[in-house]
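Okay, so here's the structure we're looking at.
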Amino acid sequence: MKAIVLGNGHWGPALASVLKRNISSVKIWDQKGKIEKADVYVICLPVQTIRNLLELAQIENSDKIMIINGSKGIEKETYKLPNEIVKEIVGNKINYFCLIGPSFAEEVIDKMPTIVNIGYENESNKKIIKKIFETNYFRVKLTRGIKALELSSALKNVYAIACGLSDGLGYKMNTRIQLICLAIEELHKLVHIKSSVRVGTIGDLILTCNSMESRNFRFGKMLATTKVEEIIKTINEAVEGAQTIESVRKYHMPLLNFIADVVKTDDPKTVKKKFKKFLAF
């Protein structure tokens, strides 16, 4: 079996390090040259680049091919999730999975005990996928909830911005937990969070909303004092929550809309006033 990891940022090499424990041939595409043919393709790219990448890759639409998405976000122009983009470009015959859960790349590389969800659509190859990803420190929980996982993983990045902003404005844990509880309530209204997807929904949300390791949390914290353009330059990496921000308005959720408004206003001088007014709901 041969696996190609599409993406050489943080998450790509982390998942490659897991796969190498179970597969003899694992390569990371360095965004240069032709993408080789493989049995397994793992997508670890900013969501806004997936469409162009797949058009370049020309992956065969075959039930012998497995595509595992590890990217989190919503495509700006179409509001599509990764699974919808992949099926549109590659086709419906491929076996599609998504790997989502509370997992920082550096800790996976350091072999810290980790649990993730792998979402699937049909029974075909699910046992193989579990086998090639699971190790003595990287635990996999299979579930049918692809939409719940991909939508939650996109929105949790926006919720992490809210928690980072709270921290940047000097609020403490009580306030952050209030925001997290509101985020969970909104997720429950948007997706069916059954027990099998709690790792990749609630678990991923809690991790991302509570650590400076999260680029989205850092982005939110800097919003308290810094313009968006300068924040992006400083972080100098893809901030999926910021790229997803306008897409979340379609869900008509108070906290999502609030963060979208704050980022669009892009005025640190008025952020604290807006945040205090929002908390008074």
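Table for the structure above
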quantity	calculated
Centroid-to-centroid separation of the range 211-281 and the range 1-50 [C-alpha atoms, Å]	30 Å
Descending semi-axes in Å of the range 154-279, equivalent ellipsoid built from Cα gyration tensor	22, 15, 14
The range 154-279, dipole about Cα centre (Lys/Arg Cβ +1, Asp/Glu Cβ -1), debye to the nearest 20	400 debye
Rounded to 10°, Cα long-axis angle of helix 254-265 versus longest principal axis of the chain	80 degrees
Convex hull of Cα atoms in the chain, direction-averaged projection (nm²)	13.9 nm²
Cα centre as origin, Lys/Arg/Asp/Glu Cβ charges: the chain dipole, Debye	500 debye
Top of Lys32, Lys72, Lys87 by mean-square fluctuation, Gaussian network on the chain, Cα under 10 Å	Lys32
Cubic angstrom per residue, convex hull over Cα atoms of the range 2-144	101 Å³
Equivalent ellipsoid semi-axes, the range 68-187, via Cα gyration tensor eigenvalues times 5, rooted, Å	29, 20, 12
Size of charge dipole - the range 2-144 - debye, nearest 20, with Cβ of Lys, Arg +1 and Asp, Glu -1, no other charges	400 debye
Length-normalised contact order of the range 1-117 in % [C-alpha pairs under 8 Å, at least 6 apart]	25 percent
Rel. contact order, % - alpha carbon contacts under 8 angstrom, at least six apart, the chain	16 percent
Per-selection Kirkwood Rh - the range 105-152 (Cα, Å, 1 d.p.)	11.6 Å
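The numbers here are math on the coordinates, done by the rules we state, and not lab data. Owing to the predicted nature of the structure, the values given are computational and were not obtained by experimental measurement. As a convention, Cβ positions derive from the backbone with ideal geometry for all residues, glycine included, and neighbour counts pool all protein chains shown.
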